[in-house]
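The values are calculated or read from the model by the stated rules, or taken from the named source; none is laboratory data. Being a predicted model, the structure only gives us computed values, none of them experimental. Cβ atoms come from the backbone with ideal geometry, glycine included; neighbour counts cover every protein chain shown. All accessible areas refer to the heavy atoms of the entire protein, side chains included, with ligands and DNA or RNA removed. Shrake-Rupley method; radii C 1.70, N 1.55, O 1.52, S 1.80 Å.
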Amino acid sequence: MIRFEQTFMNFLIQHQEKYNRTYHFLILMDAMISAAKHIQYYYLTSALKGNLGLAGEVNVQGEDVMRMDQIAHEITIHYLRASGRVIHAVSEESDEIISINPDGRYFIYFDPLDGSSNIPHGLPVGFLFGIAKRNLEGPEDGHLRAGKDFIAAGMFVIPTGTFTFGLRGAGTWRFHIDETMTFVRPTRMVLPEETKTWELSFNAGNRLTYAEKVQKWIMEHESKYAFRYLGALAGDVHRILSNGGMFMYPAIVNHPNPKKNRPEGKLRLMYEGSVVAFMCREAGGTAVNEAGIPILEIQPETHHQRTALYVGSKELVEDIARVLRTKK
Ligand code: FDP
């Protein structure tokens, strides 16, 4: 007997009235699901098509290779245009803010294929996005919204086929792709309080480049937790949401080559930091930057703004935040 599972769209319809989301939002989310499936399909077959290479290369058929992240960007913009619900989009793959429909109701901030070091291997990458509402009452003031103003945020892990989705006030939920490429079986994600599964996730090769107080915190705490690092934010945060613990990408301030320092952090605020911070908040966790300020409170000044990121279980993030807020 075939078991029919609850689909993502069905789940959204059920939550629609309760959380005051309109059919416009459903149409936008339908576009994002279509984009994700399309990217998933492309990614699964991209090694065969020679699309895992760098732009500028030529594949075995003598055709110009398009980078997978450019393909993913174009796919997403195509579906967003077709939906007609978005006024402006910010994409990791575009220097400029993309105007889509002057009558659109939403801003969307996305990274269509995050975790680029995994792409040449066909290993897991992420498609992350955050959604905010435009001001419908008066002239639109701007399009750079802090994470606290998001109404939803999500991440697809590609090609694993999982979709984690946070909806303001309604929690964070995980879906899995089935054999018909439908995202099904909502499972509510709540960060475990029990510490025995907690993990720490950071690029260990960078540890001597972190601020001394961050290095000290790591030395004092790391033996208590398992260490895991995939190198793709969506995959690493996927694990933290299930197992608890903390993902961090601290500021680089002690690099032997000072030109390689990144005091402002590496990850992007609008479509990486705020997205995972929003989902973590809805799952009972929190996130801060290098100054110990909550990520969701940071008002972006530019659309590709960077941030340091500490995200995960409240107790751990708040503990390191106390250290980050101290002078030394
Ligand atoms: P990548 O540079 O490979 O695209 O956003 C960038 C990101 O990946 C995140 O997905 C990932 O968490 C992090 O950077 C990995 O950076 P490192 O390779 O420096 O560890």
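Quick notes on this structure:
- Amide H contacts under 5 Å for Gln305, placed H, 5+ residues apart: Leu269, Met270
- The chain: radius of gyration and largest Cα-Cα distance (Dmax), Å: 19.5, 63
- Taking label positions 7 Å along the Cα-Cβ direction at both Arg188 and Lys259, the computed distance is 5.3 nm, reported to one decimal.
- The listed residues Leu136, Leu144, Leu269 rank as Leu136, Leu144, Leu269 when sorted by accessible area, largest first, using a 1.4 Å probe.
- Membrane-span-like helices of the chain, defined as complete DSSP H segments with a Cα extent of 30 Å or more along the helix axis and a mean Kyte hydropathy of at least -1.0, are identified as 23-49.
- Per-residue extension of 0.36 nm, minus the Cα-Cα distance of Ala82 and Glu318, leaves a gain of 80.7 nm for this segment.
- Projecting the Cα positions of Phe110, Ala153, Gly171 onto the charge dipole of the chain (unit charges on Cβ atoms of Lys, Arg, Asp and Glu, taken about the Cα centre) puts Gly171 furthest along the positive direction.
- Convex hull volume per residue, computed on the Cα atoms of the range 189-270, equals 106 Å³.
- Calculated from backbone phi, Karplus (6.51, -1.76, 1.60) coupling profile of the range 182-187 in Hz, x at Gly/Pro: 10, 7, 9, 6, x, 10
- In Å², nearest 10: area of Thr180 left accessible to a 1.4 Å probe: 90 Å²
- Heavy-atom surface of the range 264-328, accessible at 1.4 Å and reported per residue (Å²): 40 Å²
- Alpha-carbon Debye profile of the range 89-170, log10 I(q)/I(0) at 0.17 Å⁻¹: -0.76
- Whole-Hz Karplus values for the range 285-297 come out as x, 7, 8, 9, 9, 5, 8, x, 8, x, 4, 5, 8 Hz, taken residue by residue from phi with 6.51 cos²θ - 1.76 cosθ + 1.60 and θ = phi - 60°; glycine and proline positions read x.
- Candidates Ile240, Ile33, Ile293: whichever shows maximal mean-square fluctuation once the chain is modelled as a Gaussian network with Cα springs under 10 Å: Ile293
- Net charge dipole, the range 150-202: roughly 160 debye, given to the nearest 20, about the Cα centre with Cβ charges of +1 for Lys and Arg and -1 for Asp and Glu.
- The mean sequence separation of alpha-carbon pairs under 8 Å and at least six residues apart, normalised by the residue count of the chain, gives a relative contact order of 15 percent.
- Placing unit charges on the Cβ atoms of the charged side chains and taking the dipole of the chain about its Cα centre, the candidate lying farthest along the positive direction among Thr76, Met279, Ala211 is Ala211.
- The Cα atoms of the range 173-216 cover 49, 25, 14 Å along the three principal axes, with the biggest extent listed first.
- Inter-centroid distance (Cα atoms) of the range 285-328 relative to the range 186-240, Å: 14 Å
- Cα-centred dipole magnitude for the range 171-328, charges only on beta-carbon of K, R (+1) and D, E (-1), debye, nearest 20: 500 debye
- Among the listed pairs Lys133/Lys314; Lys259/Lys328; Lys148/Lys314; Lys37/Lys133, those whose Cα-Cα separation exceeds 20 Å are Lys133/Lys314; Lys259/Lys328; Lys37/Lys133.
- The 3J(HN,Hα) values that the Karplus relation (6.51, -1.76, 1.60; θ = phi - 60°) gives for the range 122-132 are, in residue order, x, 8, x, 10, x, 10, 10, 8, x, 10, 10 Hz. Gly and Pro appear as x.
- Note on Gln299 and Arg325: with the Förster distance fixed at 22 Å, the Cβ-Cβ geometry gives a FRET efficiency of about 0.70.
- Whole-percent carbon and sulfur share, accessible surface of the range 147-213, 1.4 Å: 52 percent
- Sequence of Glu212, Glu193, Glu264 from largest to smallest accessible area, 1.4 Å probe: Glu193, Glu212, Glu264
- The range 91-139 - accessible surface per residue (Å², probe 1.4 Å): 41 Å²
- Antiparallel %, DSSP beta bridges [both residues in the chain], to 5: 80 percent
- Residues Ser116 and Ser94, FRET efficiency given R0 of 22 Å [Cβ-Cβ distance, rounded to 0.05]: 0.90
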